[in-house]
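These notes are about the structure you will find just below.
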Protein chains: 2
Amino acid sequence: MSQPNATVLPAATVSRLPGYLRVLHEAEDSGVEVISSVALATRAGVHPALLRRDLSQLGSYGTRGVGYDVDTLIREIGRVVGDRLTWPVVIVGVGHLGQALAHHEVLRERGFELAGLVDSSPELIGSTVAGVPIRPPDELAAVVARGRAVIGVITTPAGQAQGVADALVDAGIRRILNFAAQPLEVPATVTVRGVDLTGEMQVLVYHEIHEG
Amino acid sequence: MSQPNATVLPAATVSRLPGYLRVLHEAEDSGVEVISSVALATRAGVHPALLRRDLSQLGSYGTRGVGYDVDTLIREIGRVVGDRLTWPVVIVGVGHLGQALAHHEVLRERGFELAGLVDSSPELIGSTVAGVPIRPPDELAAVVARGRAVIGVITTPAGQAQGVADALVDAGIRRILNFAAQPLEVPATVTVRGVDLTGEMQVLVYHEIHEG
């Protein structure tokens, strides 16, 4: 059997896999054993042809005229996106957004475990959020090591984000989710995903102005 | 003078404009009057050729060998993304994430104004977050009308998101930012931007697994 080379999956395909996985888990919970590509695609919000192309890149082709076996496909996508394993996360910046992520139910359900919290505010250090103590920046490396963290989340103000990214990389973190409105410079071995809340809102404003 | 037809700007270009605007505001705050395309692009985290192409689509070409006039470019981008105006926002779902967005400083600084909060939990209704009272779902249309809201933010659990989207559209909202892990069906005149936090984390896990 040929094993698809998962490392060459296009980023756009990878970014759609969690959506497919969500629909498949819902189907599984409802007792559905086989799902058609049209049903899966519609509920995931993509075109069926795109779904079939994405899944064929995983080596999953389903059965023509029948569909995809739900359990098999969950396992195949899980092998790529790592569902059902535990991924320890350190959050740096425990303001409102950092606290919200620390409490985020869906992340916990998907196997992301809060391994540590770091903030520079003296009034926050020592208190706990979601049962995890907040530690000062000079303990970041220790927090990462103790929690065996593999993902760092940056929810600091923009002006602090690059320094935090440098410290995370020094501590051995190679996967960063950045909420600060500040592009980060990191070594080529480090992956950064950015969520730009203000930018998303401004795109909506653009549509409001120009489709008035 | 030719006026570029802003309604045909590619979505990818629009999504980069807030980043350029951020760098330009920082430059302005530092007293910089003219900025080179290389400096602007580097600080915005894009390739200079891409920046020049994006800005040429706005009708901004700068001065060869000199750069872009900072104030002029702020005004030109602001005309497209609506910076420095006020955009009232209604947030539906006042859990941790909804509360974090209600308090988000950067959004306020960029002109997004919290016009209303809606949640279905009896224990939340009547209390205030960021000075704004939380109202029940059956008052959504009244909250939108009273606050003249143009943007709706959905921070409910996934299972409630489509119903909330329907109610927002019925109330006249045509720009939605969706944090629920649930694709939304809306009329073609409505713009939805989705932020999939779990999906972003799973993309990082994918890199962790396959670049081990």
(request) Would you kindly identify the strands (runs of 3 or more DSSP E) lying entirely within region B:145-199 that contain at least 1 residues that are over 30 Å from A:I77 (Cα atoms) and touching a Ser or Thr at 6+ places or on another chain (Cβ under 6 Å)? (result) B:175-178
(request) Please list, ordered by first then second residue, the pairs with beta carbon atoms under 6 Å, 6 or more apart or interchain, first in region B:25-49 and farther than 14 Å from B:Y68 by Cα, second part of a loop (DSSP other than H, G, I, E, B). (result) B:G45/A:P183
(message) From the list B:V129, B:V150, exactly one residue is in contact with a helix residue (DSSP H, G or I) (Cβ under 6 Å, 6 or more places away or on another chain) and within 19 Å of B:H96 (Cβ to Cβ). Which is it?
(response) B:V129
(message) I need the full set of residues from region B:105-151 which are of a type in the set (D, E), surrounded by 13 or more Cβ atoms within 10 Å (Cβ to Cβ) and under 22 Å from the mean Cα position of the chain (by Cα), in order please.
(response) B:E113, B:D119
(request) Would you please name the residue that is nearest to A:T13 (Cα to Cα), looking only at residues in region B:173-212 that are facing chain A (nearest Cβ under 7 Å) and in contact with a Gly (Cβ under 6 Å, 6 or more places away or on another chain)? (result) B:V205
(message) I need the full set of residues from region B:81-99 which are facing another protein chain (nearest Cβ under 7 Å), over 18 Å from B:V150 (Cα atoms), buried (at least 22 other Cβ atoms within 10 Å of the Cβ) and not polar (S, T, N, Q), in order please.
(response) B:L97
(message) Checking the condition charged (D, E, K, R), in a strand (DSSP E or B) and closer than 28 Å to B:E211 by Cα, which residue from A:E113, A:E76, A:E139 passes?
(response) A:E113
(message) Please go through (1) modelled with pLDDT under 95; (2) out of contact with any helix residue (DSSP H, G or I) (no Cβ under 9 Å at 6 or more places or on another chain); (3) within 16 Å of A:E105 (Cβ to Cβ) for B:Q182 and return the number of the only condition it doesn't satisfy.
(response) (2)
(request) Report, by residue number, each residue of region A:33-58 that is touching a helix residue (DSSP H, G or I) at 6+ places or on another chain (Cβ under 7 Å) and loosely packed, with under 14 Cβ neighbours inside 10 Å. (result) A:E33, A:V38, A:H47
(message) Among (1) without any contact (Cβ under 8 Å) to a residue 12 or more places away in the chain; (2) assigned to a loop (DSSP other than H, G, I, E, B); (3) among the small types (G, A, S), there is one condition B:S56 misses while meeting the rest; what is its number?
(response) (2)
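Just checking, does region A:143-154 include any residue being over 25 Å from A:A181 (Cβ atoms), more than 14 Å from chain B (Cβ to nearest Cβ) and free of Cβ contacts under 8 Å to residues at least 40 places away in the same chain?
Taking region A:143-154 and keeping what is over 25 Å from A:A181 (Cβ atoms), we get A:145-148.
Remaining after also requiring more than 14 Å from chain B (Cβ to nearest Cβ): A:145-147.
Of the ones still in play, those that are also free of Cβ contacts under 8 Å to residues at least 40 places away in the same chain are A:145-146.
Yes, there is a match, as at least one residue in region A:143-154 is over 25 Å from A:A181 (Cβ atoms), more than 14 Å from chain B (Cβ to nearest Cβ) and free of Cβ contacts under 8 Å to residues at least 40 places away in the same chain.
The values are calculated or read from the model by the stated rules, or taken from the named source; none is laboratory data. Because the structure is a prediction, the values reported are computed rather than measured. All Cβ positions, even for glycine, are placed from backbone atoms using ideal geometry, and neighbour counts span all protein chains on display.
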